[in-house]
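The values are calculated or read from the model by the stated rules, or taken from the named source; none is laboratory data. The shown structure was predicted, so the numbers you read here are calculated from the model rather than taken from an experiment. Methodologically, a virtual Cβ is constructed for each residue, glycine included, from the backbone with ideal geometry; neighbour enumeration extends over all protein chains shown. The protein model used for the area step is the full one, side chains on, heavy atoms only, and it has no ligands, DNA or RNA in it. Shrake-Rupley method; radii C 1.70, N 1.55, O 1.52, S 1.80 Å.
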Amino acid sequence: MAKAEKFSVVGQRVQRIEGFDKVTGDSQFIADIYLPNMLVGKILRSPFPHARIRGIDTSKAEKLRGVRAVVTAEDTIKRPWGAFFADQYILSVGKTRYVGEEVAAVAAVDPDIAEEAIDLIEVDWEPLPGVFDAEEAMQDGAPLVHDDKANNVAMTMDIERGNIVQAFAESDVVVEDTFVSMPQWHCSIETIGSVAEYAPNGKYTIYMNTQTLFNARYRIATALGVPETDVRIIQSAVGGGFGGKSCDDNNALVAAVLARKAGKPVKLINTREEEFLAGCRPRVFMKINVRLGFKKDGRIRAKHIKVIADNGAYSAKAPAITGVAAMRHDTCYKYSDVKTEAVLVYTNKIPTGAFRGFGNPSAEWAVEQAIDLGAHELGIDPIEIARINAAETGYVSPHGNRVNSCELKQCLDMAEKMMDWKSKRAGKQPNTGLGLACTVHVSGKRHFGDYDGSSATIKLNEDGKALILSGEGECGQGVHTAMCQIAAEELGVPVEDVEISRADTDLTTFCLGAFASRLTYVSGNAVKNAAANVKQQLFEQASEMLEANAEDLVSHDGRIFVRGAEGKSVSVSDVARARLFRHNGAPIVGSGSFDADSVLPDSTRFGNESGAYNYGVQAAQVHVDPETGQVKILYFVIASDCGTVIYPLGAEGQVEGGLSQGIGYALTEGLQIDEGKPLNPNFSDYRIPSMRDMPPLQHAFADSYEPTGPFGAKGLGELNMDPTAAVISNAIFDAVGVRIKTLPITPEKILKALREKAALEKAKT
Amino acid sequence: MKKKVTLTVNGEEHEIEIEANRLLLQVLRDTLGLTGTKEGCSIGVCGACSVIIDGRVVSSCLTLAAACAGKKIETIEGLAEDGRLHPLQQAFIEYGGFQCGICTPGQIMAAKSLLDENPKPTEDEVKEWMSGNLCRCTGYYKILEAVMAVVNNKIDPDFAFRKREQTAKIQSLDVYKSVAKTN
Ligand code: FES
Ligand code: FES
């Protein structure tokens, strides 16, 4: 469906609303908050992957001058908490389950004293045997990470739609392989932190750089054992989130416990090393076996996927992430018969969790390579395989996902053209190859109960300017600018006349927060509805002033006009004032809500997980140096279907930033771990892409309109992280005929594979 | 052992008493309240803490504050003059050279030190130079575009800035040390 409307604010290259603050260093991130009498917190972390705590002696630390509080689990109610399973504590109770786990903490007047006090805490440890591999963890007799989880299994899934045995029997070509993905850290340049205050009346105020305020409030209140409204979360500027700042860690909780005990505000900011060890929860480790059956003409007939996911010591959001890895891709192509089996396992490693893509990058890494295997087996151009199978508007996936808008085929055409795919393929040069993958993502996900909604309030000031009050946190992606544009478009005012509040659980209405690429779509709809409500009140007032029916009014450029008699108009500010400054006057305040028309998946995970689905295609041309194994990406193209683009600078940034994280995931970012101890918890040994690592890029947005989206928009944030690793691996295979199946794809792995290939070919001759 | 030093930051002299081991980053942020300079890695890899000392960009997380006495220190707070943004600052807004903005002060200071010395670098020179400043959000394309826009004089002379974010600041006070400002 083509763009239905013309917009005056939506889609314009407006500047970021926080721009001035960002470029002057004035934006207040969590570390930039200094409260009167504030103390500094510091955490004592487990040096062991698995150990019993026989006792903790804090007396020496307490006596140190400048120390104001020392806390252990004894200062908490010892109630476990967690996003899906209540399996973790604020501070270790009885034993620790991974290197870096929070055992005790101090608050002191300065960081040096806090550090010194940490060294004075004496823990009587009894190291226990640990388990570090998911498959070993499931064996009988393996050490148990949690006593109540037999064989360390956190969750299993086994779902079949259609008849998988028959579908494989009817396939002409069957391919199968296993792909291993690695944990990946968010590496937001700002680490997780919080500043907590406790008032003697029982109220906690916590400044956090979280991307999900109300979820954070719920979890924090649960773990502290207080009512939700006794916890107030105020969002600071957030220096990158990507899922890592969605409150699955203990930082804010430890700060809160310290603040209560010390009676003073406590600032607790993760060091970079702490962030790697126990801060943001990295992507779940996965080993994925994929089996695909194709008809001769390239149609996919059957798909069977087996996922072994290792969530480390605590589950956080891993159960949902595993579900996404096992099923999400079935909305990308027109599948009929699918089977998916998954097991989620505990080990004594860093707990994993939500990272941009939420299981989808691990799955697309596997499935999109399996599709490529099929294309080679069938001798069909991979882009044609994608075309033959691509989902379309109206598609309903085997799991019930209903697709209202889908421009995947258009994206394929765009990518083909931008890459000059056909002629590059025809004129293939040695050691140079092309790779491609398709991707699908959601715009919100119904999984925290039967609600995937948002709400907003808009107050119209007497000068005619609107202020949006929203609890949906800006986490750096620029969504607040998009929300202002949506409100401005609906109200018919310039975008400069709309502002938006800081998210604050006491002052803004309930919002689920930034995850699942949901904000532009879900909160955009809520803001649009709130603006429509304001507009209705404006028109009622203006109809008196213009002596016309409210139904006959229109607004644009900050004025309200009588349709067909554009000479007759009144400004929004005059209307706002007229409504307020009179007998029985009242300010104009509007509210709006939106809950997506999705269906909560049932016990067999059948439902419709999101209100809208976003699609995209990425393609790469790479060169592989056969002497060194070095991969050089010569050209990269991306086509994205996110419906209407609301905020172009932001949307383009999401695509480009997603790609850089995808390239890191593919080529350089990998955990080195020994017996549960991470060996590279810093930016020099864990390498994220820098400016010189980014390839020449061309990207574009499909002409697309999502009927349920605000002005036709849907989500985008995660889409372009998802397929990149598979794209690059497919291109490497096309270039030199070897396929690397374990992330990251290092030059060493390529060289080894090339040698093995050469040896095999030699043996044949 | 505390030591008296005078630091000249953005043209302003500050006489302070600090421990000999205090890092410039800590002193700028905690003592002088100049929180525009950010900490990302603490080991000199990410560039978030970049400041310019006597014309050269350095990582303030690796620089002892006491060693900067008598030198000219420039931070992000000193770039805008009389409310007029520096061309790089404008370009970053115009071309969307940031998302979360935590790396931005460092990116801008690094770019400034390059352009101060070489106002017409090639795109490859900019890429090489800026590769010491990590950004996890943008994929760098728009940062490069912003810097090249300044190099090629492609910033809009009539660009109207949206004014400051309306959000009130959370109360800001010095915690660890008091500040003695002279001059
Ligand atoms: S904080 Fe100084 S270079 Fe990263
Ligand atoms: S803009 Fe977020 S790290 Fe660069």
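For every residue, the table says whether it meets (1) surrounded by 14 or more Cβ atoms within 10 Å (Cβ to Cβ); (2) away from ligand 1 (no atom under 16 Å from the Cβ); (3) of a type outside the set (S, T, Y).
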residue	(1), (2), (3)
A:A150	no, yes, yes
A:I159	yes, yes, yes
A:A167	yes, yes, yes
A:V174	yes, yes, yes
A:V180	yes, yes, yes
A:Q184	yes, yes, yes
A:T191	yes, no, no
A:P200	no, yes, yes
A:K203	yes, yes, yes
Selection from segment B:34-69 of residues surrounded by fewer than 17 Cβ atoms within 10 Å (Cβ to Cβ) and either more than 15 Å from ligand 1 (Cβ to nearest atom) or of a type in the set (D, E) (or both) yields B:D54, B:G55, B:A67, B:A69
List pairs: first in segment A:239-255 and in contact (Cβ under 8 Å) with a residue 12 or more places away in the chain and away from chain B (no Cβ under 14 Å), second within 16 Å of ligand 2 (Cβ to nearest atom) and among the hydrophobic types (A, V, I, L, M, F, W, C), Cβ under 6 Å, 6+ apart or cross-chain? A:N251/A:I192
It is to be established whether one or more residues within segment A:91-114 are at pLDDT below 95, away from chain B (no Cβ under 14 Å) and surrounded by fewer than 19 Cβ atoms within 10 Å (Cβ to Cβ). no
Selection within segment A:321-353 - open to solvent by 10 Å² or more (accessible area, probe 1.4 Å) and either part of a helix (DSSP H, G or I) or within 21 Å of A:G394 (Cα to Cα) (or both): A:M327, A:K334, A:Y335, A:S336, A:D337
Counted residues, segment A:166-194 - those being outside any loop (DSSP other than H, G, I, E, B) and not charged (D, E, K, R): 13
Which numbered condition A:A134 fails, given (1) open to solvent by 20 Å² or more (accessible area, probe 1.4 Å); (2) away from chain B (no Cβ under 14 Å): (1)
Taking the criterion of being within 25 Å of A:I688 (Cα to Cα) and within 14 Å of another protein chain (Cβ to nearest Cβ), would at least one residue in segment A:210-218 satisfy it? yes
A:E706 being crowded, with 24+ Cβ neighbours inside 10 Å and touching a His at 6+ places or on another chain (Cβ under 8 Å): no
Return the only residue of A:S610, A:S660 being without any contact (Cβ under 8 Å) to a residue 60 or more places away in the chain, open to solvent by less than 10 Å² (accessible area, probe 1.4 Å) and not hydrophobic (A, V, I, L, M, F, W, C). A:S660
Could you tell me whether any residue of segment A:722-736 is in a loop (DSSP other than H, G, I, E, B) and open to solvent by 20 Å² or more (accessible area, probe 1.4 Å)? no
Considering segment B:106-135, residues that are farther than 14 Å from B:I52 by Cβ, within 16 Å of ligand 1 (Cβ to nearest atom) and of a type in the set (A, V, I, L, M, F, W, C), and then whichever is surrounded by the most Cβ atoms within 10 Å (Cβ to Cβ), we arrive at B:C135
Residues in segment B:73-84: is at least one within 16 Å of ligand 1 (Cβ to nearest atom) and among the polar types (S, T, N, Q)? yes
Of the residues that make up segment B:136-153, is at least one within 16 Å of ligand 1 (Cβ to nearest atom), open to solvent by less than 10 Å² (accessible area, probe 1.4 Å), at the interface with chain A (Cβ under 10 Å from one of its Cβ atoms) and of a type in the set (A, V, I, L, M, F, W, C)? yes
Do we have B:E94 as at the interface with another protein chain (Cβ under 8 Å from one of its Cβ atoms), closer than 21 Å to A:M691 by Cα and either of a type in the set (D, E) or touching a Ser or Thr at 6+ places or on another chain (Cβ under 6 Å) (or both) here? yes
Filter result for the condition that a residue is more than 16 Å from ligand 1 (Cβ to nearest atom), within 9 Å of chain A (Cβ to nearest Cβ) and over 15 Å from the mean Cα position of the chain (by Cα), over B:E12, B:E19: B:E19
Answer residue from segment A:24-75, given it is basic (K, R) and in contact (Cβ under 8 Å) with a residue 60 or more places away in the chain and is most open to solvent (accessible area, probe 1.4 Å) among those: A:R54
Quick one: is B:E94 without any contact (Cβ under 8 Å) to a residue 12 or more places away in the chain, more than 14 Å from the chain's Cα centre (by Cα) and either within 16 Å of ligand 1 (Cβ to nearest atom) or outside the structural domain of B:V9 (by TED's automatic domain parsing) (or both)? no
Unmet criterion (only one of (1) touching a helix residue (DSSP H, G or I) at 6+ places or on another chain (Cβ under 6 Å); (2) open to solvent by 20 Å² or more (accessible area, probe 1.4 Å); (3) more than 14 Å from chain B (Cβ to nearest Cβ)) for A:Q672: (1)
Filtering segment A:466-495 for residues that are touching a residue at least 40 places away in the same chain (Cβ under 8 Å) and more than 16 Å from ligand 2 (Cβ to nearest atom) leaves a count of 20
Here the residues within segment A:223-243 that are in a loop (DSSP other than H, G, I, E, B), under 15 Å from A:Q477 (Cα atoms) and open to solvent by 10 Å² or more (accessible area, probe 1.4 Å) are A:F242, A:G243
Cross-chain or 6+ apart pairs with Cβ under 8 Å, segment B:38-56 first and acidic (D, E), then more than 7 Å from ligand 1 (Cβ to nearest atom): B:E39/A:A31; B:E39/B:R29; B:D54/B:K71; B:D54/B:K72
